[in-house]
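The values are calculated or read from the model by the stated rules, or taken from the named source; none is laboratory data. Just so we're clear, the structure is a prediction, and the values are computed from it rather than from any experiment. Here the Cβ positions follow ideal geometry from the backbone for every residue, glycine too, while neighbour counts run over all protein chains shown. In case anyone asks, the SASA skips ligands and DNA or RNA and just uses the protein heavy atoms, side chains included. Shrake-Rupley method; radii C 1.70, N 1.55, O 1.52, S 1.80 Å.
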Amino acid sequence: MIDVHAAHGGAHTWKDFWIHLGTITLGLLIAIGLEQSVEKLHQAHERRQLEADLRDEATKNQVIMGRDITYIDARMMWLLARRRDVDLIRTSHGKTQVPYRPWAGFNPHYPFHLPSTAVWDAAKEGALVNLLPKEETRLYTIFYSQYDHLVAVTSDYSLVDSQLSAFEAQFADGLPPLIPDVSRMNSAQLDKYAELLATEFISEDESRKRVVIADGMNTAMLQGLTLMMTLSVLHLRR
């Protein structure tokens, strides 16, 4: 609140009146200027803090996505090898049996970790994104939209993986990690098993593409590339 006090004594002449009015006007302008300066400084501080937090989140996500790519590559190699084993059993009509290849990356929980969007989500809710320059805001908006695509793809993968696990559980005894006994599968079931393995491989491949795209944009932003340059990275990674 700007509190303006009248000067002591009255204005006895027109000269006094104009001096008095000018003094009040000048005081108001100074007060408003100081108030706006403080607000600008506060906004500048909030913007710098937000940019620092976004960069910190991007740095952590770089580590997460690097691990995700390593995990997906290992999972895809396992799926390919397992599919070859099943195909060998199918072509031999069950005469050739291949030992089950245990998945080394087994985890009772879903081992794929999505990148964090906590800072960006909070900034949008608090309207802090309005403090960022327009190009920077557009860049982050496009960047985090890639995470939305990644969430959708991994959700589809989770469903496919659950279907494969449920199928294997029909031919396994004991507690996880379940080891299906392929010798108990008939020809139709072996065909179904091969189909599920292929479907999960395709789903994993799609997940990998989305992670690579998001990781590429994330790296470009950390390197301080412009919007157009970052979009070029996105195009190349597709």
Checklist outcome for this item: Quick calc: nm separation of the 7 Å Cα→Cβ label points for Val160 and Glu46 -> 4.4 nm
Next on the checklist: Could you check the spin-label model distance between Arg67 and Thr25? Points 7 Å from the Cα along Cα→Cβ, value in nm.
Outcome noted: 6.5 nm
Checklist entry - Which distance in nm do the two modelled labels at Thr141 and Asn186 give, with both placed 7 Å along the Cα-to-Cβ direction? => result 5.8 nm
Checklist entry - With θ set to phi - 60° and the Karplus curve 6.51 cos²θ - 1.76 cosθ + 1.60, what are the ³J(HN,Hα) couplings of region 120-126 in order, to the nearest whole Hz, using x for Gly and Pro? => result 5, 4, 5, 5, 5, 5, x
Checklist entry - Tell me, what HN-Hα J-couplings in whole Hz come from the Karplus equation 6.51 cos²θ - 1.76 cosθ + 1.60 at θ = phi - 60° for each residue of region 163-170, using x for Gly and Pro? => result 5, 5, 5, 5, 5, 4, 4, 5
Checklist outcome for this item: Using alpha carbon centers only, region 47-99 is separated from region 126-164 by a whole-angstrom value of 20 Å
Checklist entry - Could you give the length gained on full extension between Thr117 and Arg101, defined as 0.36 nm per residue of separation minus the Cα-Cα distance, in nm? => result 2.2 nm
Next on the checklist: In Å², and per residue, what accessible area does region 115-160 have when probed at 1.4 Å with the other protein chains present?
Outcome noted: 53 Å²
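Rounded to the nearest percent, how much of the accessible area of region 44-139 (1.4 Å probe, protein heavy atoms only) is carbon and sulfur? Mind showing how you got there, number by number?
On the way: 3310 of 5910 Å².
The C+S portion of the solvent-accessible surface of region 44-139 is 56 percent.
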